[in-house]
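The values are calculated or read from the model by the stated rules, or taken from the named source; none is laboratory data. Worth saying up front: this structure is predicted, and the values here are computed from it rather than measured. Cβ sites come from the backbone with ideal geometry, for glycine too, and all protein chains shown count toward neighbours.
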Amino acid sequence: MRRLTNMLVSQHMAYAIKHPDELQQYESVYEHMLHYFMKVIGMAEDLAVAHLEDFFSEMPVEEDVDSRTAETVK
């Protein structure tokens with residue numbers, strides 16, 4: 001699923017670049033990605049959410065980034 005998720009995220013980024021005004025209508029990138037997957041691509045909601053969870057599960061939490069930066073600086 002990771003490979004397909006990465007492809008979908010890349011497609012979303014290209015779409016968002018072409019439609020910046022649309023992106024600003026949503027409170028978060030997550031919400032816009034959900035819109036893109038469901039309305040533009042026509043993906044079922046459960047599959048769209050699964051891909052979003054797959055993508056966001058790999059992103060570091062801000063606290064993790066801070067602790068890794070602190071360890072690197074030591």
Selection over region 36-48 where residues are in contact (Cβ under 8 Å) with a residue 12 or more places away in the chain and buried (at least 16 other Cβ atoms within 10 Å of the Cβ) yields a count of 3
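Among the residues of region 50-59 satisfying the criterion of being surrounded by fewer than 16 Cβ atoms within 10 Å (Cβ to Cβ) and not charged (D, E, K, R), which is modelled with the lowest pLDDT?
MET59
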Name the pairs: first residue in region 10-28 and of a type in the set (Ser, Thr, Tyr), second residue surrounded by 14 or more Cβ atoms within 10 Å (Cβ to Cβ) and at pLDDT 95 or above, Cβ to Cβ under 8 Å, at least 6 apart or on different chains? TYR15/TYR36; TYR26/HIS32; TYR26/HIS35
